[in-house]
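Before any comments, here is the structure.
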Amino acid sequence: MKILFDHQIYTNQNYGGISRYFYELSKGLVSLGNECRTSVYFSENEYTRDKEMYDSRPFFPFKFKGRSRLKAHLNRLFSEQTIKKGGYDIFHPTYYDTYFLKTKLPEKPFVVTFYDLIHEKFSDRYPTLLTNMDEVIANRKLLLNKASRIIAISHSTKKDIIDYYGIPEERIQVTHLANSLTAEPASQGNSYGEYILFVGNRLGYKNFEIFLHAVVPLLKREKNLKLICAGGGVFNEHELQQINALGVKEQLRQVPIDDNRLAALYKNAAFFVFPSIYEGFGIPALEALNCGCPTILSNVSSLPEVGGDGALYIDPEDPSDILAKCEKFYYDPALREEYRKKGLAQAGRFSWQKVARETLDIYQSAL
């Protein structure tokens with residue numbers, strides 16, 4: 001089968017979960033004997049460095065006003081031309097822009113992946129999600145109605161699509177994501193001592209503020225214990241003010257990450273906490289499990305699907321529950337070891353090869 005992916009996520013992201021998903025999916029499909037192309041001409045995305053999979057080139061190496069808009073415009077034109085030429089069996093856009101529906105397309109089916117419905121569910125609670133809200137909703141509705149097949153990355157996301165858009169259940173098929181990190185190559189040592197690990201963005205529904213306030217009593221009691229925030233950018237002014245006011249400045253670190261450093265952080269952590277209020281899937285949860293890191297997850301949205309019985313669960317909006325579970329893990333090394341083993345077993349249920357096989361079945365059903 002010949003599959004065409006478009007430019008969108010490789011234009012918008014230099015590194016991230018969605019572009020990793022399409023990269024790993026493409027590799028898996030090729031290994032199953034299929035042909036995959038991606039209509040991206042300019043990209044600085046990490047994964048497009050793999051020239052066996054992509055035929056893109058870097059954009060202008062210097063910054064100027066309108067650089068991002070120009071790159072996006074040129075990539076869109078290239079995608080439109082590639083789509084019009086045909087030569088593929090199925091088209092899979094990599095994000096929610098509906099540009100390809102406004103041009104004359106070959107009579108080919110297209111499949112769309114839905115990651116989450118965070119805008120629909122939480123825009124009233126987190127005003128930053130209101131940006132371009134009308135456009136986001138209109139695009140999603142159009143794609144859901146026009147797509148030959150809809151892929152949801154969790155049963156939680158599938159339920160949200162049905163609840164918010166009224167799409168018939170039989171049009172949506174679930175394909176869980178997978179993980180690309182393993183603790184095996186994580187050769188970096190641990191220079192932080194004993195620490196709790198938090199990974200990724202800390203804003204809004206990621207719930208870092210509630211989590212931080214919840215664990216302060218444990219940090220103050222255990223002066224050698226640290227809280228490491230991996231990725232997510234440096235602490236902003238508001239965060240620094242809070243950390244200072246809480247009196248735990250010396251115990252918090254924010255560290256930049258790449259795959260190897262992140263794997264080492266998971267491997268060496270006392271335990272990992274993912275207190276998010278909502279996830280479409282929650283790749284950091286699976287990364288932690290696969291790296292043998294004892295894991296605490298929120299008991300909401302998709303996270304129980306990912307963690308199964310391999311994680312301890314918290315109510316992410318109950319600080320007392322967050323603290324109690326963190327203390328339970330911290331003061332019971334045997335329990336942490338039990339969950340480390342359970343987590344590794346749970347992580348073994350997910351693989352990119354499984355994602356590729358299940359997606360290929362969906363493509364074949366759309367033809």
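Each value in this text was obtained by applying a stated rule to the coordinates, not by laboratory testing. All figures in this text were calculated on a predicted structure; none of them were measured in a lab. Cβ atoms come from the backbone with ideal geometry, glycine included; neighbour counts cover every protein chain shown.
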query = Hey, fewest Cβ within 10 Å first, where do 336, 221 land in order?
reply = 221, 336
query = Using 1/(1 + (r/R0)^6) with R0 = 22 angstrom and r between the beta carbons of residue 63 and residue 131, what's the FRET efficiency to the nearest 0.05?
reply = 0.45
Candidate lysines for bridging to residue 102, where Cα separation is under 30 Å - those fewer than 8 sequence places away on the same chain excluded = 2, 27, 65, 71, 84, 85, 121, 141, 146, 158, 159
inquiry  = Would region 267-325 count as rounded, prolate or oblate if I go by the C-alpha gyration tensor, calling it rounded below 1.5 in a/c and otherwise prolate when a/b exceeds b/c, oblate otherwise?
reply    = oblate
key: Gained length - residue 244 relative to residue 222, 0.36 nm times residue gap less alpha-carbon distance   = 6.2 nm
query = Please identify the GluC sites (Glu not before Pro) of region 1-102 that satisfy two criteria: DSSP loop assignment and at most 12 other Cβ atoms within 10 Å. Which are they?
reply = 52
ask   = For region 195-347, what class follows from the C-alpha gyration tensor (a ≥ b ≥ c being the square roots of its eigenvalues): rounded when a/c is under 1.5, otherwise prolate if a/b is larger than b/c, else oblate?
value = rounded
Proxy reagent accessibility, fewest Cβ within 10 Å first, across 128, 98 = 128, 98
request  = With a/c under 1.5 counting as rounded, go ahead and sort region 51-124 into rounded, prolate or oblate using the C-alpha gyration tensor (a ≥ b ≥ c being the square roots of the eigenvalues; past the cut-off, prolate if a/b is larger than b/c, else oblate).
outcome  = oblate
query = Hey, what number do you get for the chain at 222 nm if only DSSP H runs of n ≥ 4 count, each worth -39500 (n - 2.57), divided across all residues, to the nearest 500?
reply = -13000 deg cm²/dmol
task = Based on other C-beta atoms within 10 Å, arrange 257, 277 from fewest to most.
result = 257, 277
task = Specify the angular offset, from 0 to 90 degrees and rounded to the nearest 10, of the alpha carbon long axis of helix 319-330 from the longest principal axis of the alpha carbons in the chain.
result = 80
query = Near residue 192, within a Cβ-to-Cβ distance under 11 Å, what is the net charge of the other residues, with Lys and Arg +1 and Asp and Glu -1?
reply = +1
ask   = Within straight cross-link reach of residue 328, meaning Cα distance under 21 Å, which lysines are found once same-chain residues fewer than 8 apart are removed?
value = 220, 223, 226, 267, 341, 342
request  = Enter the Cα centre distance for the pair region 29-59 and region 1-23, rounded to the nearest angstrom.
outcome  = 8
key: Cα-derived Rg to Rh of the chain, Kirkwood definition   = 0.98
key: Rounded Å value of the spacing that divides the Cα centres of region 279-312 and region 155-212   = 7
key: Sparsely packed trypsin sites (Lys or Arg not before Pro) within region 88-194, loop by DSSP, other Cβ within 10 Å at most 15   = 104, 125
ask   = With labels modelled as points extended 7 Å from the Cα through the Cβ direction, what inter-label distance (nm, one decimal) is found for residue 255 paired with residue 344?
value = 2.2
note = For residue 269, the net charge from surrounding residues (Cβ-Cβ under 13 Å; K, R +1; D, E -1) works out to +4
